[in-house]
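Presented below is the structure to which this report refers.
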Amino acid sequence: VEGNALRMDWNDVIPASECSYIIGNPPFKGAHAHPPRTKEQTQELKDAFDNQKGIGDADYVSAWFSLASKYIGGKTTRCGLVATSSIVQGQQPALIWKSLFEHGDYIIFAYEPFLWGSEASDAAAVAVTIIGFACSPDTKSLPRFYFRTDYRTGEVLEKETVDVINPYLSSGANVLVTPRTTPICDVPTIGIG
């Protein structure tokens, strides 16, 4: 099937109950990319996250994470997507993974960020990660795999088995760092930061 995956019902392509794996390399397009995202792409991102507050600051690729999460909805389907490394840094993990966690998703494998290689003459110089996730209780107790990579080549240097991989791609609790406008203790006001 050829078309815009963000504008079609994935169940029309293959019913979710018949799908075992989702594997893909969606378009990246950051919020401040050059050339910039189109208005249509920004709207597709917002639609994928049901107009969640602040989601317009996330990378376009995160829309596929959201739609895949909704599509697999508790089934045994597993997903593996290439994404910009920025979705695991700064404010983006809290924007993206909050709704995925609410759907019951968890990360089953992750590659440390590495430079994306391409033989194309106009190849983008971008750091990527590969993240696998699922939401089935059948796979929740399975070990998680974290792949340490050579940043320049993407070569896997080590495969580590961990109990949990959080949205910042470290082994630890699924805690999301969210912005706040008030300090957590008695400190001077910050003007910028």
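The values are calculated or read from the model by the stated rules, or taken from the named source; none is laboratory data. Every value quoted in this text rests on a predicted model; they were computed, and no experiment measured them. A quick note on method: Cβ atoms are made from the backbone with ideal geometry, for glycine too, and the neighbour counts reach across all protein chains shown. Please note that ligands, DNA and RNA were not included when accessible areas were found on the heavy atoms of the full protein model with its side chains. Shrake-Rupley method; radii C 1.70, N 1.55, O 1.52, S 1.80 Å.
Side notes on the structure shown:
- Residue match in the range 176-187 (condition: surrounded by fewer than 16 Cβ atoms within 10 Å (Cβ to Cβ) and among the acidic types (Asp, Glu)): yes
- When the range 16-45 is filtered for residues that are closer than 21 Å to residue 69 by Cβ, out of contact with any Ser or Thr (no Cβ under 8 Å at 6 or more places or on another chain) and of a type in the set (S, T, N, Q), the ones remaining, listed by number, are 17, 25, 41, 42, 43.
- Of 149, 182, all but one fail to be in contact (Cβ under 8 Å) with a residue 12 or more places away in the chain and polar (S, T, N, Q); the exception is 149.
- Residue satisfying all of: in the range 59-83; open to solvent by 10 Å² or more (accessible area, probe 1.4 Å) and of a type in the set (Val, Ile, Thr); farthest from residue 41 (Cα to Cα) among these: 76
- Qualifying residue in the range 40-58 (condition: in a strand (DSSP E or B), open to solvent by less than 60 Å² (accessible area, probe 1.4 Å) and hydrophobic (A, V, I, L, M, F, W, C)): no
- Among the residues making up the range 146-167, those that are within 20 Å of residue 101 (Cβ to Cβ) and either of a type in the set (Val, Ile, Thr) or open to solvent by 60 Å² or more (accessible area, probe 1.4 Å) (or both) are 162, 163, 164, 165.
- Every residue from the range 64-104 that is over 17 Å from residue 11 (Cβ atoms) and either part of a loop (DSSP other than H, G, I, E, B) or among the small types (Gly, Ala, Ser) (or both): 80, 83, 85, 86, 89, 90, 91, 94, 99, 104
- Residues that are in a loop (DSSP other than H, G, I, E, B), of a type in the set (Val, Ile, Thr) and modelled with pLDDT under 80 within the range 135-188 comprise just one, 181.
- Considering the range 103-124, and only residues there that are of a type in the set (D, E, K, R) and modelled with pLDDT of 90 or more, the residue that is most open to solvent (accessible area, probe 1.4 Å) turns out to be 112.
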